[in-house]
There are 2 protein chains.
Amino acid sequence: MSLRGLGVEPRCRCIETERQRIGRLIESVELFPPTPHCEDTEIIATLKRTGQEICLDTTAPWVKKVIEKILSNRKP
Amino acid sequence: MSLRGLGVEPRCRCIETERQRIGRLIESVELFPPTPHCEDTEIIATLKRTGQEICLDTTAPWVKKVIEKILSNRKP
């Protein structure tokens, strides 16, 4: 469980982040900018098939590459 | 209405994209990579307060800057 409950609780959503490179499993990626309630950006991936939501490490190079790929119209 | 219904319909989600620079209104941004049912990446922003979902132009420089800002731990 790397995610707190859904909803708009006034705190960070992610407790821990995925260490493995799971780019190919990703169906979509959601970016949450810093807020007064959570000072760091959070990135949550939704996985194909299972729909599972996984927090990603915003500082991991592979995560940035996944996002760059998506922005370049390519599959992660 | 720039979004088709939610759910996992086998087609693109966005019909049209926002032209104005709405970076400051954005609460979160979701990236959908290309799929067999939609050949181009789609970017959907959720707005603060209203929660409205807006499709963004993946090729617009301001959209890329918003995403870069978020990845750099800054507010869009």
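The values are calculated or read from the model by the stated rules, or taken from the named source; none is laboratory data. Please read all numbers here as calculations on a predicted model, not as lab measurements. Heads up, the Cβs are rebuilt from the backbone with ideal geometry, glycines too, and the neighbour counts pull from every protein chain shown.
Out of segment B:59-68, which residues are crowded, with 17+ Cβ neighbours inside 10 Å and either in contact (Cβ under 8 Å) with a residue 24 or more places away in the chain or of a type in the set (D, E) (or both)?
Within segment B:59-68, B:V66, B:I67 qualify.
Hey, among A:T35, A:T17, A:T59, A:T50, which residue is touching a strand residue (DSSP E or B) at 6+ places or on another chain (Cβ under 8 Å) and of a type in the set (S, T, N, Q)? Full working, then the answer.
Details: A:T35 fails: touching a strand residue (DSSP E or B) at 6+ places or on another chain (Cβ under 8 Å); A:T59 fails: touching a strand residue (DSSP E or B) at 6+ places or on another chain (Cβ under 8 Å); A:T50 fails: touching a strand residue (DSSP E or B) at 6+ places or on another chain (Cβ under 8 Å).
Of A:T35, A:T17, A:T59, A:T50, the one residue that is touching a strand residue (DSSP E or B) at 6+ places or on another chain (Cβ under 8 Å) and of a type in the set (S, T, N, Q) is A:T17.
Exactly one condition in (1) exposed (fewer than 15 other Cβ atoms within 10 Å of the Cβ); (2) modelled with pLDDT of 95 or more is not met by B:P10; state its number.
(2)
Could you give me the residue pairs with C-beta distances under 8 Å whose first residue belongs to segment B:9-38 and is among the charged types (D, E, K, R), whose second residue is surrounded by fewer than 17 Cβ atoms within 10 Å (Cβ to Cβ) and not in a loop (DSSP other than H, G, I, E, B) wherever it lies, and which are 6+ apart or on separate chains?
Close Cβ pairs (under 8 Å, with a partner that is surrounded by fewer than 17 Cβ atoms within 10 Å (Cβ to Cβ) and not in a loop (DSSP other than H, G, I, E, B)) amount to B:R11/B:C38; B:R13/B:L3; B:R13/B:C38; B:R21/B:W62; B:E27/B:L47.
Which one is nearest to A:F32 (Cα to Cα) among residues in segment B:44-68 that are within 8 Å of chain A (Cβ to nearest Cβ) and either in contact with a Ser or Thr (Cβ under 9 Å, 6 or more places away or on another chain) or among the polar types (S, T, N, Q) (or both)? Give the derivation first.
Applying the first criterion (within 8 Å of chain A (Cβ to nearest Cβ)) to segment B:44-68 yields B:58, B:64, B:67.
This time we only want the ones that are either in contact with a Ser or Thr (Cβ under 9 Å, 6 or more places away or on another chain) or among the polar types (S, T, N, Q) (or both), so: B:58, B:64.
On the way: B:T58: 18, B:K64: 15 Å.
Only one residue tops the list, namely B:K64.
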